[in-house]
Amino acid sequence: MKKHLFLFTISPVQSFIAQARKTQDLYAGSRILSELIKSAYNFVGETNIIFPAKESESMSNRLLAVIDKPENELKQYGIKVESVVREKFKEIANKIIGETVKPIGFDEQIANHLEIYWVFNKIANENYTIEEYKQTEKLLGAVKNARIFKQIEYNGNIGEKGRKCSLDGERNALFFKPIQNENGELKKPSFL
C-alpha cells in the first residue's frame, strides 16, 4: 500500500478577516477556524499529522498529513474529514444562535459558507520529498482555482431573494431591522 500526502484547507480566511469590524470579531473568526481545523486534526490523528503542531493555541486553516490507505478509499476519507469539519461548523453556529428561532435560510448559509479543499498525492517512500510536497501544493492550488460552488435555491427556485448582507454583500441578510411603511406598520419582506 502506497502512502499519500493529504493536504486539507478551510476557507474563506480572507472574509473572516476583511469583515471583522472589531478586534473581537477578528479573534472570533480566528478561533472558529482553529476549532474547525482541530476537528479535522483529531479525526486524522496526531500520528499522521505533519503540521500544524497540536500544542499551538491557534492553528492555521490547513493541515498536512501522511495517510496510509488504499487508493480506492482516499476519496471517501477526504469526504469524511470534510464532513467532520462541516458538522463542527454547524455545531458552533447552532450554539451561537442558541434557543432563538432560526431565520429562513440559516441552515443553507451555514452548510454552504465554508470552502473546503483537499488533495492526496502519492509519495514514493516512507518520507516525502520537498518536490512531492511542492507538487501537493500545486494540486491544491489547481483545485482551489476551479472554484466549485453550489447553486443557491430557495423554495425550489434557483437564485437569491431578499436583502443582501451589509457586511459582505455576498449572502442574504438573515437578521435585519424590519421595514415600516408610511403608516408605521411593519412590511413583510418579499422573501418570507
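Structure above, values below:
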{"quantity": "About the Cα centre, charge dipole magnitude for the stretch 1-148 (Lys/Arg +1, Asp/Glu -1 at Cβ), debye", "calculated": "260 debye"}
{"quantity": "For the stretch 1-147, radius of gyration divided by Kirkwood radius, i.e. Rg to Rh on alpha-carbons", "calculated": "1.00"}
{"quantity": "Sequence ranges 30-43, 90-103, ranked by mean other-Cβ count within 10 angstrom, highest first", "calculated": "30-43, 90-103"}
{"quantity": "Cα-Cα over 28 Å, subset of 69/95; 2/138; 2/144; 3/90; 22/138; 90/144", "calculated": "69/95; 3/90; 22/138"}
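Each value in this text was obtained by applying a stated rule to the coordinates, not by laboratory testing. Predicted model, so just to flag it, every value in this text is computed and none were measured. Using ideal geometry, Cβ is built from the backbone for each residue, glycine included, and neighbour counts are taken over all protein chains shown.
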